[in-house]
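The values are calculated or read from the model by the stated rules, or taken from the named source; none is laboratory data. Quantities reported herein were computed from a predicted structural model and do not represent experimental measurements. A quick note on method: Cβ atoms are made from the backbone with ideal geometry, for glycine too, and the neighbour counts reach across all protein chains shown. Side chains included, ligands, DNA and RNA excluded: accessible areas come from the protein's heavy atoms. Shrake-Rupley method; radii C 1.70, N 1.55, O 1.52, S 1.80 Å.
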Amino acid sequence: MANSQVQLRKPTLDKDLEKLTFTEQATHFVLRSWTGVGISLVFLLIAMAVAGSFAIGTPGVLVIAVTAALAAYMAMNIGANDVTNNVGAAVGARAMSMGVALVIAAIFEIAGALLAGQGVAETVASGIIDRSIFPNPETFAWAMMAALVSAALWINIATLANAPISTTHAIIGGVIGAGAAASGFESVQWDSIALIVVSWTVSPILGGVIAAAFLYFIKETIIYRDDKIAAAKTWVPVLVALMAGTFAAFLANGGTNGFYTLPLAEAMPIGLGVGLLVYFLTRPVIRRHAEGLDNRNQSLRTLFRIPLICSAALLSFAHGANDVSNAVGPLYGVVSALRSGLHAGATAIPLWVMVIGAFGISLGLLLFGPRLIRIVGSEITKLNPMRAFCVALSSAVAVLTASVFAIPVSSTHIAVGAVFGVGLFREWYTRNSRRRIDYIRARGNRIAPEEPPANPEETSRRYLVRRSHFMTIVSAWIVTLPVSAALSALVFLALNALFN
C-alpha cells in the first residue's frame, strides 16, 4: 500500500516540478523584457543629463534636455527596426549567429554615426522645412519635438507588429506635418522633398539591380564553373578588395564629418590602393580556408562567410552614417535655433548630439533588434552566404553613395529592394541561364521540361520570391509618411495648446 502511494505521488510531484519550471521560465522572460525597458529609461535620463550639462546658459535648456530624451527614444526605435537591414541577410544565411551579428552591427553603427553622420543630419534639421518662416525659436522647437514623438511612436508600433518600415519616411513625414501645422505649407521646402522622394523611388531599384548584378557575376564566374574552389580562390579576394576600396574612397572623400576630405579624383586612387592591399592580404587567407574543401556549393558557403561578415559590417557603418540623422537631425535643429536664432547659418553639429544618436541606435538594436531580423533574413526569399553577400554589399554601396551627397535615403528600401532583386534574378536565371543548363547537363543531370502551371496557388507557392511579403512591406512604406505627418501635426497642436 505504501509503495502504491509513493507511485501515485511521483507523477504529482513531477507535475508540480514542471509547473515550477514553467513558472521560472515565465518569470525570466518577463524580467528580461522589463530589463530592456529599464535600461532604455536609464539611457533616456542620461541623454537628458548630458544635453542639460552641455546646454547650460542656453535659452530653453529644459526644452533641449527633453528633446534629447526624445531623440534618444527615436534612436533606439531606429536600432530596433532597422537592424534587419544590416544583418538580417547574414543571419538568414546562417553565416553568423544572432549575438555576433548584433555586436558587429552595434560597433559599426556607432562608428558610422560619429564619423560620417553629420551631412545627412544637417539636411534633416534644415533642409525639410524653412525655419526662418517660424514666428520664434520656441515654436520651431515644439515642431521638432512633435516630429520626434510621432515618428518614434509609429516606428515603435511597427516594430511590435514585426513590420520593417522606413524610419526615414517616419521622421521626414513628422517634420513635414509639424512644420505645416506650425507655420503653414509654405514652410515646407518642396524642392528638397521632391529630391528625397525621387531618391526613395530610385534607391530600392538601384539596390536590387546592384545585388542582382553581383549575384550574376558570382554565378557566372564561381558557382557554375567546373572547379568552383579554384574560381572562388581567384574571385573572392577581388570582391573583398572591392568592398575595402569603396569604403576607403568614401572615407577619403568626406566620410569623416569634414575631419579629412579629399576631392573625388584624389580619393579614388586611395580607394584603389587600399583595395590592392586588401586583395594581397586576403588571398592567402582564402586559399588557406579552401584547403581540403570539396568541389561543391556547400564549400562555397564556407568561403563566403568572411566577405559576408565584412559586408554586414560595412552596411552597419553606412546605416549609422545615414540613419542617425533621423534621430539627431531634429535635436540639432532645436539646439541651433535656441542658441543662434532662426536666421543663423549652419553650424557644426555638437559631438554630444551625435553620441546620443549613435549609442541610442546601438542600444536599441542590442535590446530589441532580433524581433525583425527573421523577416528580412528568411521570409522574403531563401538566402545563402553568396546571396546575402550580394544584398549587404549592394545596400552598403547605395547608402554610402547617398551619404556622400547628404541625401537621407531609406536604408530599409535599399536592403529590402536588394533582397527582392536577388530573389527575382534567381527566378529569371533558373529559367534562362544557358551556362546553368550546360553545367547541369555536363554532369549527367536531367533538366525536367517545363511543367504546365497547376493552379494559381501552386504557381505562387513555387516562386522564389514571396509576393505576399512584398505587398505587405510596400503597404507599410506607403502609409508611414502620411501617418507620421498627421500624427506629428496633432502632437504639435497639442503641445502648442498646452504651453502657449
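Checked across region 297-305, the condition of being at pLDDT below 85, basic (Lys, Arg), more than 30 Å from Ile172 (Cβ to Cβ) and within 21 Å of the chain's Cα centre (by Cα) holds for at least one residue. Considering each residue of region 206-226 in turn, at least one proves to be farther than 30 Å from Ser299 by Cβ and either surrounded by 21 or more Cβ atoms within 10 Å (Cβ to Cβ) or out of contact with any strand residue (DSSP E or B) (no Cβ under 6 Å at 6 or more places or on another chain) (or both). Of the residues making up region 107-122, those that are open to solvent by less than 10 Å² (accessible area, probe 1.4 Å) and either under 12 Å from Ser362 (Cα atoms) or modelled with pLDDT of 85 or more (or both) are Glu109, Gly112, Ala113.
Annotation note: Cβ proximity below 7 Å between a residue of region 277-305 that is more than 13 Å from Ile222 (Cα to Cα) and a residue that is in a loop (DSSP other than H, G, I, E, B) (sequence gap 6+ or interchain) occurs for Thr302/Leu293; Arg305/Ala95.
Is it fair to say Met96 is modelled with pLDDT of 90 or more, closer than 30 Å to Gly208 by Cα and crowded, with 20+ Cβ neighbours inside 10 Å? Criteria not met by Met96. When Ala249, Ala265 are checked against the criterion of being hydrophobic (A, V, I, L, M, F, W, C), open to solvent by 40 Å² or more (accessible area, probe 1.4 Å) and at pLDDT below 90, a single residue qualifies: Ala265.
From the list Ile128, Ile155, Ile133, the lone residue that is in contact with a strand residue (DSSP E or B) (Cβ under 8 Å, 6 or more places away or on another chain), of a type outside the set (Ser, Thr, Tyr) and in contact (Cβ under 8 Å) with a residue 12 or more places away in the chain is Ile128.
Number of residues in region 288-319 that are open to solvent by less than 60 Å² (accessible area, probe 1.4 Å) and assigned to a loop (DSSP other than H, G, I, E, B) equals 2.
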